[in-house]
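Report on the following structure.
The values are calculated or read from the model by the stated rules, or taken from the named source; none is laboratory data. Values in this document were obtained by computation on a predicted structure and should not be read as measured data. All Cβ positions, glycine included, derive from the backbone under ideal geometry; neighbour counts span all protein chains shown.
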Amino acid sequence: MLRLGESQDEVNVVADQFGCPTSANDIATAIVAIAGKLSSDPSARLRGVFHLSGTGETNWAGFAKQIFKFSAENGGKSIIVNDITTAQYPTPARRPANSRLDCNKLDEVHGIRLPSWQTSTRAVVTALAHSKEETP
């Protein structure tokens, strides 16, 4: 999104597909915590299939709007995001309308609940803005 915003003042983003944006940093932190528990506790209840995603949900357009909002807070361009439908954005890959995950099992068994997607998105966009400042 940020790269796209460098060359455009306005973008069209799908608003009828929902999910839970998740930071790679949050995923890595959770995996390390889970691995620590698994290595010290052989209990079967700690094993199995678990969903892991950022807390909260949004659509792609909402995600893009937050990215550009946080970018503008860090001196980036303010980009207009136009909500469009999946039908208005044809792509060879079919995308689910709902890719939201229920992460309650992970919280109940491992005590892990990731931060809100907004908090993590702000942290990532801020880090990217500062890394650009440091690059000659």
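Hey, among the residues in region 7-46 that are surrounded by 12 or more Cβ atoms within 10 Å (Cβ to Cβ) and charged (D, E, K, R), which one's nearest to L114 (Cα to Cα)?
Only one residue fits best here, namely D26.
Under the condition of being of a type in the set (D, E, K, R) and either closer than 30 Å to A127 by Cα or modelled with pLDDT under 95 (or both), which residue from region 76-116 is surrounded by the fewest Cβ atoms within 10 Å (Cβ to Cβ)?
R94
Return the residues of region 97-136 that are more than 12 Å from the chain's Cα centre (by Cα) and aromatic (F, W, Y); say none if nothing qualifies.
Scanning region 97-136 gives no hits.
Would you pick out the residues in region 79-112 that are outside any loop (DSSP other than H, G, I, E, B), among the charged types (D, E, K, R) and in contact (Cβ under 8 Å) with a residue 60 or more places away in the chain? Don't jump to the end; show me each part of the working.
Quick first cut of region 79-112, residues outside any loop (DSSP other than H, G, I, E, B) only: 80-84, 86-88, 98, 104-110.
From the residues that got through so far, the ones that are among the charged types (D, E, K, R) too are 83, 105, 107-108.
D83 - this is the single residue of region 79-112 that is outside any loop (DSSP other than H, G, I, E, B), among the charged types (D, E, K, R) and in contact (Cβ under 8 Å) with a residue 60 or more places away in the chain.
If you scan region 9-61, which residues turn out to be of a type in the set (S, T, N, Q), in a loop (DSSP other than H, G, I, E, B) and over 22 Å from G111 (Cβ atoms)?
Listed by number, the list holds a single entry, Q17.
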